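The values are calculated or read from the model by the stated rules, or taken from the named source; none is laboratory data. Model, not experiment: these values are computed from the prediction. FYI the Cβ positions are ideal-geometry reconstructions off the backbone, even for glycines, and counts take in every protein chain you see. In case anyone asks, the SASA skips ligands and DNA or RNA and just uses the protein heavy atoms, side chains included. Shrake-Rupley method; radii C 1.70, N 1.55, O 1.52, S 1.80 Å.
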Amino acid sequence: MWYMRRQPEKRPDQGKLLDRCLRAFIEAGTLDLSLDQLARQVGVSKRMLIHYFGGRDNIEQSAMARLEDALRAQFAPEAFPAGVSPRTIVMALWKRTTAPESKGVLLLVMDLSRRAWTGSARARAFYEEQQRLWVELLLKFIPDRRMVEEILQLFQGATLAYLITGDPEPGRRSLMRTLSRQHRIRTFRRRR
């Protein structure tokens, strides 16, 4: 009978579907979800995912691009007021990075880093772009490239330790000590 026919699956907008896929990857903290798992998480059929994106690789690539855009917007130099101190910027970045709602993103970025280590060209390009964006941001507030590299390396190590321990305080203290030391060195050089 006509009234017993199954209703067709509602077709979501591709952009909204991609956002839901990215959210599923973030909640899982990895891109390593099967198409079946991903479809279940986003509430559509596996067939619909393939129809919209053409396959698993395209979903991953599109999700990585969407994540990159979101991170670029969140950590853009324009997102911070001009003239603030390096300490204020680095501590704001640390607070954003270690906020509970950021954990899934951090885990996903670590998953992409792992993929870069194992030879994924796409993941390596993602990693390199993130490095470039962080350096660009920090250079707007810290004009010394060597100091920016030192802070970035420390920040990344502190982030890894935070992910392992769940405690943001040791990383915050290390960043503060490094910034204070760098400030004293710059002040001393100016007085000479």
Under 18 Å from the Cα of K16, which lysines turn up, not counting those fewer than eight places away in the same chain?
K46
Leaving ligands, DNA and RNA out of it, report the carbon-plus-sulfur percent of the accessible area of region 100-190 at a 1.4 Å probe.
57
To the nearest 20 Debye, how big is the dipole of the chain about its Cα centre, given +1 on the beta carbon of each Lys and Arg and -1 on that of each Asp and Glu?
680
Diffing region 128-140: the Karplus 3J(HN,Hα) column from phi (6.51, -1.76, 1.60, θ = phi - 60°), in whole Hz with x for Gly and Pro, holds 4, 5, 5, 4, 4, 5, 5, 4, 4, 4, 5, 5, 5
Taking only protein heavy atoms into account and a 1.4 Å probe, give the accessible area per residue of the chain in Å².
62
So, R0 is 30 Å and r is the distance between the beta-carbons of E128 and S45; what FRET efficiency does that work out to, to 0.05?
0.25
For the chain, modelled as a GNM with alpha-carbon contacts under 10 angstrom, which of I50, I164, I59 fluctuates the most?
I164
If I take every Cα pair under 8 Å that is 6 or more residues apart in the chain, average their sequence separation and divide by the length, what percent do I get for the relative contact order?
20
Cα lying deepest toward the dipole's positive end in the chain, options G166, M91, G29, charges on Cβ
M91
What FRET efficiency, computed as 1/(1 + (r/R0)^6) with R0 = 41 Å and r the Cβ-Cβ distance, is obtained for S85 and I164, rounded to the nearest 0.05?
0.90
Each residue of region 164-172 in turn: what ³J(HN,Hα) in whole Hz from Karplus with 6.51, -1.76, 1.60 and θ = phi - 60°, glycine and Pro shown as x?
6, 9, x, 10, x, 5, x, x, 4
Hey, rough spin-label estimate for E78 and M176, points 7 angstrom out along Cα→Cβ, what's it come to in nanometres?
3.3
